[in-house]
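**Q** My questions will all concern the structure given below.
The values are calculated or read from the model by the stated rules, or taken from the named source; none is laboratory data. Owing to the predicted nature of the structure, the values given are computational and were not obtained by experimental measurement. Neighbour counts run over all protein chains shown; Cβ positions are idealised from the backbone, glycine included. Quick note on the areas: whole protein, heavy atoms, side chains included, nothing else; ligands and nucleic acids left out. Shrake-Rupley method; radii C 1.70, N 1.55, O 1.52, S 1.80 Å.
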Amino acid sequence: MSQLLLLRGGRPLSGEVKIQGAKNSVLPILAATLLARGQVVLRSCPRLRDVDASVRILRSLGCDARWEGDDLTVDTTGMDCCGISDDLMREMRSSAVFLGAMLARCGQADLSYPGGCELGPRPIDLHLSGLRELGAEIREEGGFLHCRAPRLTGREILLRMPSVGATENLMLAACGAEGTTVISNAAREPEVEDLQNFLNACGAKVSGAGSSAVAVEGGRRLHGCAYRAMPDRIAAATYLCAVSSAGGDIFLRGAEERHLATVTAALREAGCDIRRDETGISAVCRGRLRAIRPVQTAPYPGFPTDAQAVLMAALLRSRGATVFEENIFASRYRHVGELARMGADIRVAGRVAVVTGVEQLHGAPVRCTDLRGGAALCVAALAAEGETRISQICHIDRGYADIARDLTALGADARRADEKENDS
Ligand code: EPZ
(Lines give C-alpha, C1' and ligand atoms only; values in the text may rest on other atoms or scores of the structure.)
Protein backbone atom coordinates (compact mmCIF):
# COMPACT_ATOMS: atom_id res chain seq x y z
CA MET A 1 0.00 0.00 0.00
CA SER A 2 1.65 3.25 -1.07
CA GLN A 3 1.57 6.08 1.42
CA LEU A 4 0.83 9.77 1.39
CA LEU A 5 2.04 12.67 3.43
CA LEU A 6 -0.69 15.09 4.54
CA LEU A 7 0.68 18.50 5.47
CA ARG A 8 -1.42 21.45 6.64
CA GLY A 9 0.53 24.69 6.26
CA GLY A 10 0.15 28.30 7.28
CA ARG A 11 1.52 28.18 10.79
CA PRO A 12 5.06 28.84 12.11
CA LEU A 13 7.30 26.00 13.25
CA SER A 14 8.57 25.59 16.77
CA GLY A 15 10.55 22.70 18.22
CA GLU A 16 13.70 20.60 18.08
CA VAL A 17 14.78 17.60 16.01
CA LYS A 18 17.85 15.38 16.17
CA ILE A 19 19.60 15.21 12.80
CA GLN A 20 19.99 11.65 11.45
CA GLY A 21 23.25 10.09 10.35
CA ALA A 22 24.20 11.05 6.80
CA LYS A 23 22.73 8.86 4.07
CA ASN A 24 25.60 9.74 1.72
CA SER A 25 28.12 8.64 4.34
CA VAL A 26 26.42 5.45 5.45
CA LEU A 27 25.93 4.08 1.92
CA PRO A 28 29.63 4.01 0.92
CA ILE A 29 30.53 2.88 4.46
CA LEU A 30 28.22 -0.13 4.09
CA ALA A 31 30.07 -1.06 0.89
CA ALA A 32 33.38 -0.55 2.72
CA THR A 33 32.42 -3.19 5.31
CA LEU A 34 33.37 -5.76 2.65
CA LEU A 35 36.99 -4.75 3.27
CA ALA A 36 36.91 -5.37 7.03
CA ARG A 37 37.34 -8.81 8.54
CA GLY A 38 35.12 -8.91 11.62
CA GLN A 39 32.17 -7.03 12.99
CA VAL A 40 31.32 -3.44 12.09
CA VAL A 41 28.75 -1.62 14.22
CA LEU A 42 27.23 1.52 12.70
CA ARG A 43 25.87 3.48 15.65
CA SER A 44 22.54 5.31 15.18
CA CYS A 45 22.41 4.27 11.54
CA PRO A 46 19.45 6.00 9.81
CA ARG A 47 16.67 3.59 8.78
CA LEU A 48 16.33 4.58 5.13
CA ARG A 49 15.09 2.69 2.09
CA ASP A 50 18.54 3.07 0.54
CA VAL A 51 20.12 1.59 3.68
CA ASP A 52 17.67 -1.32 3.51
CA ALA A 53 18.69 -1.84 -0.13
CA SER A 54 22.37 -1.92 0.87
CA VAL A 55 21.59 -4.42 3.62
CA ARG A 56 19.86 -6.65 1.06
CA ILE A 57 22.91 -6.43 -1.20
CA LEU A 58 25.23 -7.38 1.69
CA ARG A 59 23.02 -10.33 2.61
CA SER A 60 22.90 -11.45 -1.04
CA LEU A 61 26.71 -11.56 -0.92
CA GLY A 62 26.57 -13.93 2.05
CA CYS A 63 27.25 -11.30 4.70
CA ASP A 64 25.44 -10.97 8.00
CA ALA A 65 23.67 -7.65 8.59
CA ARG A 66 21.15 -7.02 11.31
CA TRP A 67 19.62 -4.20 13.29
CA GLU A 68 20.09 -4.01 17.05
CA GLY A 69 17.96 -1.04 18.05
CA ASP A 70 19.32 1.93 16.13
CA ASP A 71 22.66 0.23 15.52
CA LEU A 72 23.31 -1.73 12.34
CA THR A 73 25.80 -4.58 12.81
CA VAL A 74 27.50 -6.01 9.73
CA ASP A 75 29.84 -8.99 9.58
CA THR A 76 31.14 -9.80 6.09
CA THR A 77 33.30 -12.76 7.19
CA GLY A 78 30.91 -15.18 5.53
CA MET A 79 30.92 -13.45 2.14
CA ASP A 80 30.54 -16.20 -0.45
CA CYS A 81 29.47 -14.41 -3.60
CA CYS A 82 30.85 -11.68 -5.84
CA GLY A 83 27.83 -10.77 -7.90
CA ILE A 84 24.88 -8.45 -7.39
CA SER A 85 21.57 -9.20 -9.11
CA ASP A 86 20.07 -6.78 -11.61
CA ASP A 87 17.04 -6.22 -9.39
CA LEU A 88 19.19 -5.26 -6.42
CA MET A 89 21.41 -3.02 -8.57
CA ARG A 90 18.37 -1.22 -9.94
CA GLU A 91 16.96 -0.53 -6.49
CA MET A 92 19.61 2.04 -5.73
CA ARG A 93 21.75 4.17 -8.01
CA SER A 94 24.68 4.35 -5.62
CA SER A 95 25.09 0.55 -5.48
CA ALA A 96 27.94 1.12 -7.97
CA VAL A 97 30.15 1.84 -4.97
CA PHE A 98 30.08 -1.89 -4.12
CA LEU A 99 32.20 -2.54 -7.21
CA GLY A 100 35.47 -1.20 -5.83
CA ALA A 101 35.00 -2.98 -2.52
CA MET A 102 34.19 -6.31 -4.19
CA LEU A 103 37.26 -6.10 -6.42
CA ALA A 104 39.43 -5.34 -3.40
CA ARG A 105 37.87 -8.13 -1.37
CA CYS A 106 37.60 -10.97 -3.87
CA GLY A 107 39.25 -9.82 -7.07
CA GLN A 108 36.10 -10.11 -9.11
CA ALA A 109 32.62 -8.62 -9.45
CA ASP A 110 29.65 -9.25 -11.70
CA LEU A 111 26.88 -6.71 -11.61
CA SER A 112 24.57 -4.82 -13.90
CA TYR A 113 24.88 -1.19 -14.77
CA PRO A 114 23.18 0.75 -11.98
CA GLY A 115 19.93 2.13 -13.32
CA GLY A 116 19.59 5.72 -14.40
CA CYS A 117 17.46 7.72 -12.06
CA GLU A 118 15.10 10.61 -11.84
CA LEU A 119 17.98 13.08 -12.06
CA GLY A 120 18.92 12.02 -15.56
CA PRO A 121 21.66 9.70 -16.83
CA ARG A 122 24.01 8.58 -14.10
CA PRO A 123 27.12 7.34 -15.97
CA ILE A 124 29.92 5.55 -14.13
CA ASP A 125 32.64 6.00 -16.78
CA LEU A 126 34.96 7.69 -14.24
CA HIS A 127 34.51 4.77 -11.85
CA LEU A 128 35.36 2.23 -14.57
CA SER A 129 38.31 4.10 -16.07
CA GLY A 130 39.85 4.55 -12.61
CA LEU A 131 39.39 0.87 -11.73
CA ARG A 132 40.99 -0.12 -15.04
CA GLU A 133 43.96 2.10 -14.22
CA LEU A 134 44.35 0.12 -10.99
CA GLY A 135 44.50 -3.05 -13.08
CA ALA A 136 40.91 -4.28 -13.23
CA GLU A 137 39.73 -5.96 -16.43
CA ILE A 138 36.14 -4.85 -17.01
CA ARG A 139 33.99 -6.28 -19.77
CA GLU A 140 30.74 -4.46 -20.46
CA GLU A 141 28.19 -6.77 -22.06
CA GLY A 142 24.45 -6.34 -22.43
CA GLY A 143 24.11 -3.95 -19.52
CA PHE A 144 26.27 -6.11 -17.30
CA LEU A 145 29.78 -5.51 -15.99
CA HIS A 146 32.08 -8.53 -15.67
CA CYS A 147 35.10 -7.43 -13.68
CA ARG A 148 38.26 -9.34 -12.86
CA ALA A 149 41.14 -8.02 -10.80
CA PRO A 150 43.51 -10.81 -9.78
CA ARG A 151 45.87 -8.02 -8.81
CA LEU A 152 45.30 -4.30 -8.20
CA THR A 153 48.32 -1.99 -8.29
CA GLY A 154 48.31 1.45 -6.70
CA ARG A 155 49.11 4.49 -8.86
CA GLU A 156 48.06 8.10 -9.40
CA ILE A 157 44.60 8.53 -10.91
CA LEU A 158 43.42 11.90 -12.20
CA LEU A 159 39.63 12.29 -12.28
CA ARG A 160 38.21 14.32 -15.18
CA MET A 161 35.74 15.80 -12.69
CA PRO A 162 35.44 15.53 -8.90
CA SER A 163 32.84 12.72 -8.88
CA VAL A 164 31.80 11.75 -5.33
CA GLY A 165 30.99 8.16 -6.23
CA ALA A 166 34.08 7.64 -8.34
CA THR A 167 36.30 9.03 -5.57
CA GLU A 168 34.72 6.68 -3.04
CA ASN A 169 34.79 3.65 -5.34
CA LEU A 170 38.48 4.17 -6.06
CA MET A 171 39.30 4.69 -2.36
CA LEU A 172 37.79 1.28 -1.63
CA ALA A 173 39.49 -0.49 -4.53
CA ALA A 174 42.81 1.16 -3.61
CA CYS A 175 42.62 -0.41 -0.14
CA GLY A 176 43.04 -3.75 -1.92
CA ALA A 177 45.82 -2.60 -4.24
CA GLU A 178 49.54 -3.13 -3.72
CA GLY A 179 51.33 0.13 -3.06
CA THR A 180 49.95 3.62 -2.77
CA THR A 181 47.18 5.19 -4.83
CA VAL A 182 46.68 8.95 -5.12
CA ILE A 183 43.31 10.12 -6.43
CA SER A 184 43.75 13.62 -7.89
CA ASN A 185 40.89 16.04 -8.54
CA ALA A 186 39.04 13.98 -5.93
CA ALA A 187 35.62 15.05 -4.64
CA ARG A 188 35.99 17.13 -1.45
CA GLU A 189 32.53 16.43 0.04
CA PRO A 190 32.45 15.87 3.85
CA GLU A 191 31.03 12.39 3.23
CA VAL A 192 34.28 11.43 1.45
CA GLU A 193 36.16 12.51 4.58
CA ASP A 194 33.74 10.46 6.70
CA LEU A 195 34.52 7.41 4.56
CA GLN A 196 38.25 8.02 5.12
CA ASN A 197 37.67 8.22 8.88
CA PHE A 198 35.73 4.95 8.81
CA LEU A 199 38.43 3.16 6.80
CA ASN A 200 41.15 4.41 9.14
CA ALA A 201 39.09 3.23 12.14
CA CYS A 202 39.29 -0.22 10.49
CA GLY A 203 43.08 0.02 10.25
CA ALA A 204 43.47 1.51 6.78
CA LYS A 205 45.88 4.31 5.95
CA VAL A 206 43.95 6.93 3.98
CA SER A 207 44.76 10.64 4.00
CA GLY A 208 43.83 13.86 2.23
CA ALA A 209 40.05 13.33 2.00
CA GLY A 210 38.34 16.72 1.99
CA SER A 211 41.10 18.01 -0.28
CA SER A 212 41.53 17.34 -4.00
CA ALA A 213 44.17 14.65 -3.44
CA VAL A 214 43.33 11.47 -1.52
CA ALA A 215 46.15 9.01 -0.81
CA VAL A 216 45.51 5.35 0.05
CA GLU A 217 48.22 2.96 1.23
CA GLY A 218 47.02 -0.43 -0.01
CA GLY A 219 47.64 -3.98 1.11
CA ARG A 220 46.66 -3.49 4.76
CA ARG A 221 44.44 -6.03 6.51
CA LEU A 222 41.38 -4.22 7.85
CA HIS A 223 39.45 -5.17 10.98
CA GLY A 224 35.98 -4.34 12.24
CA CYS A 225 35.12 -1.27 14.32
CA ALA A 226 32.23 0.70 15.82
CA TYR A 227 31.50 3.92 13.94
CA ARG A 228 29.00 6.75 13.96
CA ALA A 229 28.51 8.55 10.63
CA MET A 230 28.51 12.35 10.45
CA PRO A 231 25.17 14.17 10.70
CA ASP A 232 23.18 14.46 7.47
CA ARG A 233 23.89 17.96 6.17
CA ILE A 234 21.15 17.77 3.54
CA ALA A 235 18.53 16.74 6.10
CA ALA A 236 19.70 19.72 8.19
CA ALA A 237 19.47 21.98 5.13
CA THR A 238 15.96 20.67 4.48
CA TYR A 239 14.71 21.62 7.96
CA LEU A 240 16.42 25.02 7.82
CA CYS A 241 14.55 25.64 4.57
CA ALA A 242 11.35 24.40 6.22
CA VAL A 243 11.53 27.04 8.96
CA SER A 244 12.52 29.66 6.38
CA SER A 245 9.43 28.74 4.39
CA ALA A 246 6.91 28.61 7.25
CA GLY A 247 8.58 30.96 9.72
CA GLY A 248 9.22 30.09 13.35
CA ASP A 249 12.02 29.09 15.69
CA ILE A 250 13.67 25.65 15.61
CA PHE A 251 16.77 23.81 16.84
CA LEU A 252 18.58 21.06 14.88
CA ARG A 253 20.44 18.95 17.42
CA GLY A 254 23.71 17.49 16.12
CA ALA A 255 23.80 19.57 12.94
CA GLU A 256 27.24 20.95 12.03
CA GLU A 257 27.13 24.28 10.18
CA ARG A 258 30.62 23.91 8.72
CA HIS A 259 29.23 21.23 6.37
CA LEU A 260 26.48 23.47 4.99
CA ALA A 261 27.97 26.96 5.11
CA THR A 262 26.78 27.84 1.58
CA VAL A 263 23.20 26.95 2.53
CA THR A 264 23.20 28.92 5.79
CA ALA A 265 24.82 31.87 3.98
CA ALA A 266 21.96 31.87 1.45
CA LEU A 267 19.31 31.67 4.18
CA ARG A 268 20.94 34.46 6.20
CA GLU A 269 20.98 36.60 3.04
CA ALA A 270 17.26 35.85 2.68
CA GLY A 271 16.62 37.13 6.19
CA CYS A 272 16.86 34.09 8.46
CA ASP A 273 18.63 34.43 11.82
CA ILE A 274 20.81 31.29 12.02
CA ARG A 275 23.15 30.58 14.94
CA ARG A 276 25.25 27.59 15.88
CA ASP A 277 26.97 26.15 18.89
CA GLU A 278 28.68 22.84 19.61
CA THR A 279 25.31 21.09 20.08
CA GLY A 280 23.63 22.14 16.86
CA ILE A 281 22.08 24.91 14.76
CA SER A 282 19.18 27.21 15.70
CA ALA A 283 17.15 29.21 13.20
CA VAL A 284 14.59 31.96 13.69
CA CYS A 285 12.64 33.30 10.71
CA ARG A 286 9.97 35.96 10.94
CA GLY A 287 8.05 37.51 8.02
CA ARG A 288 8.68 37.15 4.30
CA LEU A 289 12.14 36.26 3.04
CA ARG A 290 14.06 38.40 0.57
CA ALA A 291 15.18 37.11 -2.84
CA ILE A 292 18.92 36.38 -2.93
CA ARG A 293 21.86 36.50 -5.31
CA PRO A 294 22.07 33.72 -7.96
CA VAL A 295 22.46 30.19 -6.59
CA GLN A 296 24.84 28.06 -8.66
CA THR A 297 25.24 24.41 -7.64
CA ALA A 298 28.81 23.11 -7.69
CA PRO A 299 30.99 20.37 -6.23
CA TYR A 300 31.85 20.91 -2.55
CA PRO A 301 32.61 23.43 -1.11
CA GLY A 302 30.21 25.03 -3.60
CA PHE A 303 26.45 25.11 -3.12
CA PRO A 304 25.24 21.49 -2.87
CA THR A 305 22.98 20.29 -5.69
CA ASP A 306 21.07 18.23 -3.10
CA ALA A 307 19.90 21.45 -1.40
CA GLN A 308 18.80 23.21 -4.62
CA ALA A 309 15.18 22.02 -4.56
CA VAL A 310 14.56 22.73 -0.87
CA LEU A 311 16.10 26.22 -1.05
CA MET A 312 13.96 26.93 -4.11
CA ALA A 313 10.87 25.87 -2.13
CA ALA A 314 11.85 28.14 0.76
CA LEU A 315 11.99 31.16 -1.57
CA LEU A 316 8.63 30.69 -3.28
CA ARG A 317 7.02 33.55 -1.27
CA SER A 318 10.10 35.75 -1.03
CA ARG A 319 10.11 39.40 -2.12
CA GLY A 320 11.72 39.53 -5.55
CA ALA A 321 13.22 36.93 -7.89
CA THR A 322 16.10 34.46 -7.40
CA VAL A 323 18.05 32.78 -10.21
CA PHE A 324 19.13 29.15 -9.80
CA GLU A 325 21.69 27.39 -11.99
CA GLU A 326 21.87 23.57 -11.67
CA ASN A 327 25.34 22.56 -12.85
CA ILE A 328 25.64 19.01 -11.54
CA PHE A 329 22.69 17.01 -12.86
CA ALA A 330 20.96 17.27 -16.23
CA SER A 331 17.42 16.94 -14.95
CA ARG A 332 17.02 18.29 -11.45
CA TYR A 333 14.06 20.64 -11.87
CA ARG A 334 11.36 17.96 -11.99
CA HIS A 335 9.86 19.33 -8.77
CA VAL A 336 9.09 22.67 -10.50
CA GLY A 337 5.87 21.44 -12.13
CA GLU A 338 4.58 20.15 -8.81
CA LEU A 339 5.45 23.37 -7.00
CA ALA A 340 3.58 25.30 -9.71
CA ARG A 341 0.42 23.37 -8.75
CA MET A 342 0.71 25.07 -5.35
CA GLY A 343 0.89 28.53 -6.96
CA ALA A 344 4.65 28.92 -7.35
CA ASP A 345 6.02 31.13 -10.15
CA ILE A 346 9.12 29.41 -11.55
CA ARG A 347 10.48 29.71 -15.08
CA VAL A 348 12.96 27.08 -16.32
CA ALA A 349 15.29 27.41 -19.31
CA GLY A 350 17.85 24.59 -19.49
CA ARG A 351 20.07 24.69 -16.41
CA VAL A 352 18.54 27.98 -15.21
CA ALA A 353 15.40 28.42 -13.13
CA VAL A 354 14.03 31.81 -12.05
CA VAL A 355 11.85 31.83 -8.92
CA THR A 356 9.64 34.93 -8.58
CA GLY A 357 8.11 35.23 -5.12
CA VAL A 358 4.31 35.16 -4.83
CA GLU A 359 2.11 36.42 -2.00
CA GLN A 360 0.38 33.15 -1.38
CA LEU A 361 0.77 29.41 -1.91
CA HIS A 362 -2.18 27.04 -1.63
CA GLY A 363 -2.32 23.39 -0.69
CA ALA A 364 -2.77 20.93 -3.57
CA PRO A 365 -2.43 17.23 -4.43
CA VAL A 366 1.19 16.85 -5.58
CA ARG A 367 3.50 13.95 -6.38
CA CYS A 368 7.15 13.35 -5.47
CA THR A 369 9.38 13.21 -8.54
CA ASP A 370 12.61 12.30 -6.71
CA LEU A 371 14.14 12.32 -3.23
CA ARG A 372 15.04 15.99 -2.80
CA GLY A 373 12.20 17.18 -5.03
CA GLY A 374 9.85 15.40 -2.65
CA ALA A 375 11.45 17.14 0.32
CA ALA A 376 10.93 20.44 -1.48
CA LEU A 377 7.19 19.73 -1.72
CA CYS A 378 7.13 19.35 2.08
CA VAL A 379 8.96 22.66 2.51
CA ALA A 380 6.50 24.45 0.22
CA ALA A 381 3.46 22.79 1.85
CA LEU A 382 4.45 24.26 5.23
CA ALA A 383 3.98 27.76 3.81
CA ALA A 384 0.81 26.98 1.85
CA GLU A 385 -2.70 27.75 3.03
CA GLY A 386 -4.69 24.57 3.52
CA GLU A 387 -3.77 20.92 3.13
CA THR A 388 -1.23 19.50 0.69
CA ARG A 389 -1.46 15.83 -0.19
CA ILE A 390 1.95 14.46 -1.23
CA SER A 391 1.95 11.06 -2.93
CA GLN A 392 4.83 8.74 -3.99
CA ILE A 393 6.59 9.49 -0.72
CA CYS A 394 8.68 6.34 -1.17
CA HIS A 395 11.12 8.73 -2.87
CA ILE A 396 11.42 10.76 0.34
CA ASP A 397 11.80 7.62 2.46
CA ARG A 398 14.98 6.81 0.51
CA GLY A 399 16.80 9.65 2.28
CA TYR A 400 14.82 10.70 5.36
CA ALA A 401 14.25 8.22 8.18
CA ASP A 402 10.80 9.66 8.96
CA ILE A 403 10.17 13.14 7.61
CA ALA A 404 6.62 13.28 9.05
CA ARG A 405 7.98 12.52 12.53
CA ASP A 406 10.73 15.14 12.15
CA LEU A 407 8.40 17.85 10.83
CA THR A 408 5.90 17.08 13.61
CA ALA A 409 8.72 17.45 16.16
CA LEU A 410 9.31 20.88 14.64
CA GLY A 411 5.68 21.82 15.18
CA ALA A 412 4.22 21.09 11.75
CA ASP A 413 0.80 19.54 11.15
CA ALA A 414 2.12 16.50 9.26
CA ARG A 415 0.99 12.89 9.09
CA ARG A 416 1.38 9.81 6.93
CA ALA A 417 -1.70 8.07 5.56
CA ASP A 418 -2.32 5.10 3.32
CA GLU A 419 -3.19 6.13 -0.24
CA LYS A 420 -6.48 4.17 -0.03
CA GLU A 421 -7.49 5.66 3.32
CA ASN A 422 -7.16 9.11 1.94
CA ASP A 423 -9.26 8.44 -1.15
CA SER A 424 -12.37 8.14 1.00
C1 EPZ B 1 26.56 11.62 -4.91
O2 EPZ B 1 26.07 11.06 -6.11
C3 EPZ B 1 25.37 11.70 -3.97
N4 EPZ B 1 24.87 10.36 -3.69
C5 EPZ B 1 24.26 12.56 -4.59
O6 EPZ B 1 23.20 12.67 -3.64
C7 EPZ B 1 24.83 13.95 -4.86
O8 EPZ B 1 23.85 14.73 -5.50
C9 EPZ B 1 26.07 13.85 -5.75
O10 EPZ B 1 27.04 12.95 -5.13
C11 EPZ B 1 26.74 15.19 -5.98
O12 EPZ B 1 27.09 15.74 -4.76
C13 EPZ B 1 25.52 9.58 -2.79
O14 EPZ B 1 26.53 9.97 -2.24
C15 EPZ B 1 24.93 8.23 -2.53
P16 EPZ B 1 28.79 12.35 -8.74
P17 EPZ B 1 27.12 10.58 -7.26
O18 EPZ B 1 29.48 11.11 -9.16
O19 EPZ B 1 28.30 9.96 -6.63
C20 EPZ B 1 28.54 12.84 -13.46
C21 EPZ B 1 20.98 12.63 -2.88
O22 EPZ B 1 20.00 13.32 -3.17
N23 EPZ B 1 29.34 11.62 -13.50
O24 EPZ B 1 29.57 13.41 -8.02
O25 EPZ B 1 26.38 9.81 -8.28
C26 EPZ B 1 27.11 12.56 -12.99
O27 EPZ B 1 26.30 12.17 -14.07
C28 EPZ B 1 21.91 12.14 -3.98
O29 EPZ B 1 21.32 12.32 -1.71
C30 EPZ B 1 29.88 11.20 -14.72
O31 EPZ B 1 29.69 11.84 -15.76
O32 EPZ B 1 27.51 12.01 -7.86
C33 EPZ B 1 26.67 13.88 -12.41
O34 EPZ B 1 26.22 14.71 -13.46
C35 EPZ B 1 21.44 12.55 -5.36
N36 EPZ B 1 30.62 10.05 -14.76
C37 EPZ B 1 27.96 14.46 -11.84
O38 EPZ B 1 29.04 13.72 -12.46
C39 EPZ B 1 30.86 9.31 -13.62
O40 EPZ B 1 31.56 8.27 -13.71
C41 EPZ B 1 28.09 14.31 -10.33
O42 EPZ B 1 28.06 12.95 -10.05
C43 EPZ B 1 30.30 9.75 -12.39
C44 EPZ B 1 29.56 10.91 -12.36
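**Q** Out of the range 121-134, which residues are within 7 Å of the ligand (Cβ to nearest atom) and not hydrophobic (A, V, I, L, M, F, W, C)? Steps first, please.
**A** Here is the first cut: in the range 121-134, the ones within 7 Å of the ligand (Cβ to nearest atom) are 121-127.
Within the range 121-134, Pro121, Arg122, Pro123, Asp125, His127 meet the criteria.
**Q** Which condition does Tyr333 not pass, out of (1) under 20 Å from Ala22 (Cβ atoms); (2) touching a Phe, Trp or Tyr at 6+ places or on another chain (Cβ under 9 Å); (3) open to solvent by 20 Å² or more (accessible area, probe 1.4 Å), if it passes all the others?
**A** (1)
**Q** Evaluate the range 225-238: report whether one residue or more is free of Cβ contacts under 8 Å to residues at least 40 places away in the same chain and of a type in the set (Asp, Glu). Steps first, please.
**A** Pass one, the range 225-238, residues free of Cβ contacts under 8 Å to residues at least 40 places away in the same chain: none.
No, because not a single residue in the range 225-238 is free of Cβ contacts under 8 Å to residues at least 40 places away in the same chain and of a type in the set (Asp, Glu).
**Q** Right, here's the next one. Arg122 - would you say it is in the same structural domain as Ser95 (by TED's automatic domain parsing), open to solvent by 40 Å² or more (accessible area, probe 1.4 Å) and touching a Pro at 6+ places or on another chain (Cβ under 7 Å)? Can you show your working first?
**A** Details: in the same structural domain as Ser95 (by TED's automatic domain parsing): yes; open to solvent by 40 Å² or more (accessible area, probe 1.4 Å): yes; touching a Pro at 6+ places or on another chain (Cβ under 7 Å): yes.
The answer is yes for Arg122.
**Q** Given the residues Leu99, Leu111, Leu172, which is the only one that is under 16 Å from Ile57 (Cβ atoms), modelled with pLDDT under 95 and touching a Leu at 6+ places or on another chain (Cβ under 8 Å)? Please lay out each step first, then the result.
**A** Numbers: Leu99 fails: modelled with pLDDT under 95; Leu172 fails: modelled with pLDDT under 95.
Result of the check over Leu99, Leu111, Leu172: Leu111.
**Q** Taking interchain pairs and intrachain pairs at least six residues apart, which have beta carbon atoms under 6 angstrom, with the first residue in the range 110-134 and touching a residue at least 24 places away in the same chain (Cβ under 8 Å) and the second open to solvent by 50 Å² or more (accessible area, probe 1.4 Å) and among the hydrophobic types (A, V, I, L, M, F, W, C)?
**A** Ser112/Phe144; Gly120/Ala330
**Q** I'd like to verify a number: residues in the range 246-265 that are part of a helix (DSSP H, G or I) and open to solvent by less than 10 Å² (accessible area, probe 1.4 Å), how many?
**A** From the range 246-265, those part of a helix (DSSP H, G or I) are 246, 257-265; that's our starting set.
Now narrow it down to the ones that are open to solvent by less than 10 Å² (accessible area, probe 1.4 Å): 260, 263-264.
So the count comes out to 3.
**Q** Considering only residues of the range 22-41 that are touching a strand residue (DSSP E or B) at 6+ places or on another chain (Cβ under 8 Å) and open to solvent by less than 10 Å² (accessible area, probe 1.4 Å), which is farthest from Gly248 (Cα to Cα)? Full working, then the answer.
**A** Keep residues of the range 22-41 that are touching a strand residue (DSSP E or B) at 6+ places or on another chain (Cβ under 8 Å), which gives 22, 26, 29-30, 33, 35-41.
So of that shortlist, the ones also open to solvent by less than 10 Å² (accessible area, probe 1.4 Å) come out as 22, 26, 29-30, 33, 36, 40.
Details: Ala22: 25, Val26: 31, Ile29: 36, Leu30: 37, Thr33: 41, Ala36: 45, Val40: 40 Å.
Taking the candidates together, the pick is Ala36.
**Q** I would also like to ask the following. Within the range 136-157, track down each residue that is more than 14 Å from Leu172 (Cα to Cα), open to solvent by less than 100 Å² (accessible area, probe 1.4 Å) and assigned to a loop (DSSP other than H, G, I, E, B).
**A** Of everything in the range 136-157, those that are more than 14 Å from Leu172 (Cα to Cα), open to solvent by less than 100 Å² (accessible area, probe 1.4 Å) and assigned to a loop (DSSP other than H, G, I, E, B) turn out to be Gly142, Gly143.
**Q** Here's another thing I want to ask about it. The conditions are (1) open to solvent by 10 Å² or more (accessible area, probe 1.4 Å); (2) touching a helix residue (DSSP H, G or I) at 6+ places or on another chain (Cβ under 7 Å); (3) farther than 26 Å from Ser14 by Cα, and Arg317 fails exactly one of them. Which is it?
**A** (3)
**Q** Tell me which residues, restricted to the range 7-41, are within 16 Å of the ligand (Cβ to nearest atom), in a helix (DSSP H, G or I) and among the aliphatic types (A, V, I, L, M). Reasoning before the result, please.
**A** Filtering the range 7-41 for residues within 16 Å of the ligand (Cβ to nearest atom) gives 19-33.
The next check asks that each one be in a helix (DSSP H, G or I); those that pass are 23-33.
The answer is Val26, Leu27, Ile29, Leu30, Ala31, Ala32.
**Q** Could you list, in sequence order, the residues of the range 359-370 that are open to solvent by less than 30 Å² (accessible area, probe 1.4 Å) and under 19 Å from Glu387 (Cβ atoms)?
**A** Answer for the range 359-370, where residues must be open to solvent by less than 30 Å² (accessible area, probe 1.4 Å) and under 19 Å from Glu387 (Cβ atoms): Leu361, Gly363, Ala364, Val366, Cys368.
**Q** Looking at Asp277, Asp249, Asp232, which one is of a type in the set (D, E, K, R) and out of contact with any Pro (no Cβ under 9 Å at 6 or more places or on another chain)? Write out each step before concluding.
**A** On the way: Asp249 fails: out of contact with any Pro (no Cβ under 9 Å at 6 or more places or on another chain); Asp232 fails: out of contact with any Pro (no Cβ under 9 Å at 6 or more places or on another chain).
None of the others qualify; the one that does is Asp277.
**Q** Next question, about the same structure. Could you say which residue among Ser54, Ser44 is open to solvent by less than 10 Å² (accessible area, probe 1.4 Å), under 30 Å from Ala409 (Cα atoms) and not in a strand (DSSP E or B)? Outline the logic, then answer.
**A** On the way: Ser44 fails: open to solvent by less than 10 Å² (accessible area, probe 1.4 Å).
Exactly one residue qualifies, and that residue is Ser54.
**Q** Applying the selection to the range 164-192, what residues are within 13 Å of the ligand (Cβ to nearest atom) and open to solvent by 20 Å² or more (accessible area, probe 1.4 Å)?
**A** Within the range 164-192, Val164, Gly165, Asn185, Arg188, Glu189 meet the criteria.
**Q** Could you go through the range 284-304 and let me know if any residue there is touching a strand residue (DSSP E or B) at 6+ places or on another chain (Cβ under 6 Å), part of a helix (DSSP H, G or I) and either surrounded by 16 or more Cβ atoms within 10 Å (Cβ to Cβ) or not assigned by TED's automatic domain parsing to the domain that holds Ala380 (or both).
**A** Within the range 284-304, the first condition is being touching a strand residue (DSSP E or B) at 6+ places or on another chain (Cβ under 6 Å), and the residues that meet it are 284, 288, 290-292, 294-297, 303.
Checking the rest, the ones that are also part of a helix (DSSP H, G or I) come to none.
Scanning the range 284-304, I find no residue that is touching a strand residue (DSSP E or B) at 6+ places or on another chain (Cβ under 6 Å), part of a helix (DSSP H, G or I) and either surrounded by 16 or more Cβ atoms within 10 Å (Cβ to Cβ) or not assigned by TED's automatic domain parsing to the domain that holds Ala380 (or both), so the answer is no.
**Q** Also, I was wondering about something else. How many of the residues in the range 57-82 are crowded, with 16+ Cβ neighbours inside 10 Å and over 27 Å from Gly254 (Cβ atoms)?
**A** Filtering the range 57-82 for residues crowded, with 16+ Cβ neighbours inside 10 Å gives 57-58, 61, 63, 65, 72-76, 79, 82.
Retained after the next criterion (residues that are over 27 Å from Gly254 (Cβ atoms)): 57, 61, 63, 75-76, 79, 82.
Count: 7.
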